[in-house]
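One structure is given here, and the rest of the page talks about it.
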Amino acid sequence: MPSSRHSQAAEVPGLAARRVAADLLDGVLRRRRPLDEQLDTGPANASFLALADRDRALVRRIVATALRRLGTLRTLIGQFLERGVPADAPRVETILLTGAAQILWLDVPDHAAVDLAVRIAQLDRRAGRYTGLVNAVLRRVAREARARLVELDGVALDTPAWLLARWRAAYGDAIADTIARANGEEPALDLTVRSDSESWAARLRGRALPTGTVRIIAHGPVTLLPGYAEGAWWVQDAAAALPARLFGDLSGQAIADLCAAPGGKTAQLALAGANVTAVDRSAARLSRLRENLRRLHLDAVLVNADATEWSGGTFDAVLLDAPCSSTGTIRRHPDIPWLKQEADLAGLLALQRRLLDQAATLLKPGGTLVYCICSLEPEEGIDQIEGLLTREKRLRRRPIEPDEIAGTTEFVTPGGDLRTLPLHWPTDEPRMGGLDGFFAARLQCTA
């Protein structure tokens, strides 16, 4: 007989991975903990790290799929629950969600998904009373749910109503709905390479994008891919790699990178020959940045400080990648829609304003400020820039030209700012298309 519930999970093939997936999903939905945070610290982190590489990949796929299709899954499961999710056993819902996600969207046999879900319920003190319910509901999902899927509006169900309404107001119904559909697709892995993107694309069996990013479908841990150990590239979404290119020639220039961690843009600036001072308020994130730079054989001065108050001199250039709602990164972080609320914007807007005002004080006459966010919300992007230009008369907008970003005219707004959307770069293979939603503006100090 197994000595504990943990040992029971370890003895049944595939059960430990499904249990970790249910734990992570529960952490997002009931405890409102970001998925990446759970994978970095806490009990779920330890259980996740104990899994084999293949099982870790499966865990990520299960959780990401359940989050991307959360509204649809809840609607379908609700059709098979006469009295709703048992109030005294909330874990029943996450067990059902992860089980149904495997049945409907992952390459898992229906009987295995059902059996393992029942076993997870048996291991839970409260959910154990509802193993019959879990079994019955998932069997109905396997028999009936695929036919019912065609009747559901995934765009409306899988994006919170407040968020979809904001996108429709900002971009129009058609673009907003296409953004929502793009967010439902698992993205490829994007790499910024030190040089020779075509060669690395061939070596990694991917493709070189027009802007020089290499896009691949990774099979297995990133750390085992060719080029990782020697620091030939780093992981960075194609959109996130654009703002650092807007400074032009940086050789010998002094640049402050504010809110710098985890350091993808810091690495770009250092590789371009700049003398970089990277500032971040999180000591832990700075430590990770330091490790990344060491692997990449690049140097920067790292400063642990609050960028709203830091005054470390004046610089030829300042890059401010400000904290934001991150609604442009839902493709890669499908927990975001279910963790954020519209009310969160007020605090972020105030912080961005303070950061922009402080960043302006760090510029030398003639210096360049690039402000960027991974948000789709106009208030965090263009509205912040218009406000700064009203407050700070020394600054003027320096429009971005398409040839600065490989001629991608669709990325440049009529006002000369950068705006990428998840629907850009569509391809026949959805995973190889798209990129994060980013906004960037370039300003110059006139005095």
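The values are calculated or read from the model by the stated rules, or taken from the named source; none is laboratory data. Because the structure is predicted, anything quoted here is derived from the model rather than measured. So basically every Cβ, Gly included, is an ideal-geometry build from the backbone, and we count neighbours across all protein chains shown.
Just a yes or no: is a residue in segment 16-35 modelled with pLDDT under 90, out of contact with any helix residue (DSSP H, G or I) (no Cβ under 6 Å at 6 or more places or on another chain) and surrounded by fewer than 17 Cβ atoms within 10 Å (Cβ to Cβ)? Checked against the condition, which is being modelled with pLDDT under 90, out of contact with any helix residue (DSSP H, G or I) (no Cβ under 6 Å at 6 or more places or on another chain) and surrounded by fewer than 17 Cβ atoms within 10 Å (Cβ to Cβ), segment 16-35 yields no hits at all. The residues of segment 414-433 that are among the small types (Gly, Ala, Ser) and either at pLDDT below 95 or touching a Ser or Thr at 6+ places or on another chain (Cβ under 6 Å) (or both) amount to a single one, GLY433. Being more than 21 Å from the chain's Cα centre (by Cα) and of a type in the set (Asp, Glu) is a description that applies to GLU198.
Every condition in (1) touching a helix residue (DSSP H, G or I) at 6+ places or on another chain (Cβ under 7 Å); (2) closer than 30 Å to GLY366 by Cα; (3) hydrophobic (A, V, I, L, M, F, W, C) is met by ALA238 except one, and the failing one is (1). Please work out if GLY312 is at negative phi, out of contact with any helix residue (DSSP H, G or I) (no Cβ under 8 Å at 6 or more places or on another chain) and either among the acidic types (Asp, Glu) or surrounded by 22 or more Cβ atoms within 10 Å (Cβ to Cβ) (or both). Answer is no for this residue.
Scanning segment 391-431 for residues that are touching a strand residue (DSSP E or B) at 6+ places or on another chain (Cβ under 6 Å) and within 22 Å of SER197 (Cβ to Cβ) yields ILE400, PRO402, PHE411, LEU418, THR420.
Within segment 434-447, restricting attention to residues that are part of a loop (DSSP other than H, G, I, E, B) and of a type outside the set (Ser, Thr, Tyr), the residue that is modelled with the lowest pLDDT is ALA447. Here LEU286 meets the list (1) surrounded by 23 or more Cβ atoms within 10 Å (Cβ to Cβ); (2) touching a Leu at 6+ places or on another chain (Cβ under 7 Å) almost entirely, failing just condition (1). Per the conditions (1) over 25 Å from the mean Cα position of the chain (by Cα); (2) surrounded by fewer than 21 Cβ atoms within 10 Å (Cβ to Cβ), the sole criterion not satisfied by ARG281 is (1). Restricting attention to segment 426-447, the residues being within 23 Å of the chain's Cα centre (by Cα), hydrophobic (A, V, I, L, M, F, W, C) and crowded, with 20+ Cβ neighbours inside 10 Å number 5. Within segment 1-104, which helices (runs of 4 or more DSSP H) (wholly inside it) include 2 or more residues that are under 26 Å from the mean Cα position of the chain (by Cα) and under 24 Å from HIS333 (Cβ atoms)? Once the helices (runs of 4 or more DSSP H) in segment 1-104 are filtered for at least 2 residues that are under 26 Å from the mean Cα position of the chain (by Cα) and under 24 Å from HIS333 (Cβ atoms), what remains is 15-29, 35-40, 43-49, 53-68, 70-79. The condition (being among the hydrophobic types (A, V, I, L, M, F, W, C) and surrounded by 20 or more Cβ atoms within 10 Å (Cβ to Cβ)) is satisfied by just one residue among ALA202, ALA182: ALA182.
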